[in-house]
Amino acid sequence: MRPSDPAPVMTDVARLAGVSHQTVSRVVNGSPHVSEPTRAKVMAAMEQLGYRRNGVARALAMRRSGTLGVITFDTVRYGPVSTLYSIEQAAGSVGLGVSIAVAERAASDEVVRALARLQDQSVEGIVAIAPQHDAVDALSTELRGLPAVLVGGVHGGGSGPIAAGDEVRPGQPAVGIDQRGGAAAATRHLLDLGHRTVHHLAGPRGWLDAEWRTEGWRATLDEAGRSAPEPVAGDWSAGSGYAAMREMLAATPDLTAVFAANDPMALGALRALDEAGLRVPEDVSIVGFDDVPEAEFFRPPLTTVRQHFTEAGRRAVGMLLDMIRPDDGPATRPGSGTGPPAVVPTELVVRRSTGPSPHR
């Protein structure tokens with residue numbers, strides 16, 4: 001390679017070795033899922049091209065490109081988008097840029113492709129937004145040994161250490177928002193208003209936040225000695241909340257309290273309740289989750305659980321900087337002093353969609 005030629009990237013190595021981009025990434029990251037002949041062929045191509053293996057953990061951490069990488073699986077839903085924005089803001093506050101790679105599916109090959117794109121840009125470290133079980137599995141495998149922090153791969157659950165059986169892998173730095181605690185606060189609020197039990201419009205299967213919110217709701221009813229009605233699941237959309245609420249009313253027309261897994265589903269539920277001739281909160285109280293910017297303008301304004309995405313982003317970036325720039329000191333570091341895993345509390349925002357039970 002002539003001095004004037006651009007530095008080779010991973011796709012150049014893949015082309016010369018006659019293998020896929022993903023295979024080169026696996027070799028760079030020391031993955032055991034590569035045959036020795038293939039590994040030797042890739043290494044020879046690297047040597048011939050003079051490829052600098054930015055993906056090796058120490059080299060990645062030591063390079064000062066001024067850029068952090070972010071891997072995400074969802075650029076539509078409020079939670080993942082807000083998390084992504086908070087990471088970019090936290091990085092910008094200390095003069096770092098962000099490069100984003102979107103994985104189309106929560107699968108190992110998609111993570112490898114996303115990781116390769118970021119490595120080709122010489123990012124210093126990686127923040128990965130992991131909203132689903134499959135995403136955590138793929139990320140935990142492919143990011144092993146790299147300076148990386150997961151956001152969303154840990155449930156929270158209040159103060160204290162993460163309990164056994166939680167999603168994040170041992171030793172994996174992670175930041176989580178207290179999903180179970182937020183759901184528990186929403187459920188307790190409705191019980192304290194005199195409602196005998198609380199029905200639940202749940203989020204979709206496979207989504208960690210949906211599962212943890214259901215767990216927090218159910219555990220709170222159990223602690224209060226109240227029955228837990230069968231949840232009805234939606235897909236996070238207002239339309240699914242509308243359909244789920246109609247189904248729930250058909251089965252239990254005298255219900256008085258509902259906890260929806262997110263605010264759009266709560267919005268759909270409000271429409272279904274209105275069409276059924278039920279007043280909120282005089283007949284039925286409802287609580288959402290997320291505190292989307294529009295929540296205070298619902299009719300009535302929605303009681304909901306606020307997630308502090310800004311703080312989650314600060315902690316994730318601060319945790320990553322502890323790994324890649326340990327000598328810089330914490331003075332200018334966002335979220336410094338937080339150790340893995342970090343738990344960000346939620347906040348119940350009470351508005352006019354909740355009131356005393358009509359049977360109180």
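The values are calculated or read from the model by the stated rules, or taken from the named source; none is laboratory data. Small disclaimer: the values here were computed from a predicted structure and weren't measured. Cβ: placed from backbone, ideal geometry, glycine included. Neighbour counts: every protein chain shown. The protein model used for the area step is the full one, side chains on, heavy atoms only, and it has no ligands, DNA or RNA in it. Shrake-Rupley method; radii C 1.70, N 1.55, O 1.52, S 1.80 Å.
Laid out as a table, the results:
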item	result
Region 72-159: C-alpha gyration tensor shape, a/c 1.5 cut-off, then a/b vs b/c	rounded
Nearest-10 value in Å² for the accessible area of S93, using the 1.4 Å probe	90 Å²
Computed label-point distance, nm, for sites E104 and R205 using a 7 Å Cα→Cβ extension	2.5 nm
Carbon/sulfur fraction of accessible area - region 233-304, other protein chains in place, 1.4 Å, %	51 percent
Most to least accessible of H189, H33 (protein chains only, probe 1.4 Å)	H33, H189
Accessible area, probe 1.4 Å, largest first, for residues F309, F297	F297, F309
Highest average packing first - 261-269, 351-359, Cβ atoms within 10 Å	261-269, 351-359
Probe 1.4 Å, all protein chains present, accessible-area order of D137, D209, largest first	D137, D209
